[in-house]
Amino acid sequence: KKSGPIAICTWAFTNANAAAGKALDDNTNALDAAIIGVAVEEENLKNSTVGKGGDPDREGNVTLDACVMDYTGDCGAVVCVENITNVAALAKKVMTETPHVMLAGQGAEEFAYTQGFRKEELLTEEAKKNWKEWLKTSEYKPIINIENHDTIGMLTLDVHGNIAGTCTTSGLSYKMKGRVGDSPIIGSGLFIDNEIGGATATGMGEEVMKTVGSFLIVELMRQGKSPQEACEEAVHRIVSKNENYKNFQIAYIAMNKAGETGSYCIHKGFTYMKYENGKNENIPSPSYIKE
Ligand code: SD4
């Protein structure tokens, strides 16, 4: 069967997923629909781990990471960028307007201005207040499903049956200056192979990178696993290699060419959104730790 357009994304980002789903229904291509979707969260000041309003690093700098991957296999990424809100759109510009896949820091920011992006203050008063409060103890301890729960990874399947995706984040709150997580790393935070499907990640990026999680999931689907089975295996890979797994969250979502989706995480509490045929649902994910 030929699937209709589908959008899925990490966490309960209802509006972002609906925006992507509606764009797909209007015949927008998979990648542009995903970028339209995640822009909702990049611009949402209340979301403290994506875009504007994101928590800063421990020195007070808001630095964003994002990547995109298209159905053609082409991709783009920006890491540790300051003063630009829509970094997923910027990652697409790296893909389409440069000979490179990834631009970092100041180079990425300067490139953004040449592409017409606006300079914006990303640190909100609220985020600044929380950071000042954090400085009192300076204890770096991500809280499962709370402190780090807002990275948006999105996978889209358009009317032509093509799959694309994007992942965008401000990374872990109060990270070290210069720290980059999995989200903008092709293969870790996101991977697409239009013959097979796609996967994206949220949670403790260091652990996703060590196992190249999203690439792993797509390869497992290539070997015949369902999106659900592939996400489970990728989480098992992390849990089996790291005794500390109870202290962090990892969550994956995946979709194959047939439009089947799946998700798995370490700790209960992760959910994802799925838009199909005008219906936008929040789906609770099964978890490795059941209670
Ligand atoms: C990171 N994976 O930078 C991101 C954080 C995240 O929800 O997913 N937060 O490691």
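Any read-out appearing in this document is the output of simple, stated calculations on the displayed coordinates, not a laboratory observation. Remember, it's a predicted structure, so these values are computed and weren't measured experimentally. Positions of Cβ are backbone-derived with ideal geometry, glycine not excepted, and every protein chain shown enters the neighbour counts.
May I ask for the net charge around Ile152, where only other residues with Cβ less than 10 Å from the Cβ of Ile152 are counted and Lys, Arg are +1 while Asp, Glu are -1?
Working: positive: none; negative: Glu41, Glu42, Asp150.
Counting the neighbours of Ile152, the net charge comes to -3.
Rank Val235, His267, Leu220 by how far each Cα sits towards the positive end of the charge dipole of segment 191-283 (+1 on Lys, Arg Cβ; -1 on Asp, Glu Cβ) and give me just the farthest. Checking the options against the dipole of segment 191-283, the answer is His267.
Shape class for segment 1-138, computed from the alpha carbon gyration tensor (a ≥ b ≥ c): oblate, with a/c not under 1.5 and a/b at or below b/c.
Once you list every other residue whose beta carbon is under 13 Å from the beta carbon of Met221, what net charge do they have if Lys and Arg are +1 and Asp and Glu are -1? Don't skip to the end; give the middle numbers.
On the way: positive: Arg222, Lys225, Lys257; negative: Asp193, Glu195, Glu219, Glu229, Glu232, Glu233, Glu260.
Taking every other residue near Met221 into account, the sum is -4.
The peptide list 195-206, 99-110, 21-32, put in order of mean Cβ contacts within 10 Å with the highest first, becomes 195-206, 21-32, 99-110.
Descending by average beta-carbon neighbour count within 10 Å, the peptides 221-232, 57-68 line up as 57-68, 221-232, the highest first. Taking the average, over residues, of other Cβ atoms within 10 Å as the packing measure, peptides 125-132, 183-190 rank 183-190, 125-132 from highest down. Using Cβ point charges alone (K and R +1, D and E -1), the dipole size of the chain about the Cα centre works out to roughly 460 debye.
Lys/Arg Cβ at +1, Asp/Glu Cβ at -1, dipole of the chain taken about the Cα centre: which of Leu103, Ser173, Pro184 is farthest positive-ward? The listed residue farthest towards the positive side: Ser173. Considering only Cα-Cα distances, which of the following residue pairs are longer than 21 Å: Lys22/Lys274; Lys210/Lys241; Lys225/Lys268; Lys141/Lys246; Lys92/Lys274? Violating the 21 Å limit, Cα to Cα: Lys225/Lys268; Lys92/Lys274. In terms of surrounding Cβ atoms within a 10 Å radius of their Cβ, Met154, Met176, Met209 rank from fewest to most as Met176, Met209, Met154.
Candidates Tyr71, Trp11, Asn247 compared by Cα position along the dipole of the chain: farthest toward the positive end lies Asn247, with charges placed on Cβ. Fewest-first ordering of Phe191, Phe13 by other beta carbons within 10 Å of each residue's beta carbon gives Phe13, Phe191.
I'd like the antiparallel share, as a percent to the nearest 5, of DSSP beta bridges with both residues in segment 30-108. Provide the component values of the computation, followed by the final result.
On the way: 5 of 8 bridges.
Expressed as a percentage, antiparallel bridges in segment 30-108 total about 60.
Rounded to the nearest 20 debye, the dipole size of segment 1-51 about its Cα centre is 260 debye, using +1 on the Cβ of Lys and Arg and -1 on the Cβ of Asp and Glu. Other residues whose C-beta falls under 11 angstrom from the C-beta of Lys128 contribute a net charge of -3, scoring Lys and Arg +1 and Asp and Glu -1.
Around the Cα centre of segment 100-142, unit charges on the Cβ atoms of Lys, Arg, Asp and Glu (plus for the first two, minus for the last two) sum to a dipole of about 140 debye.
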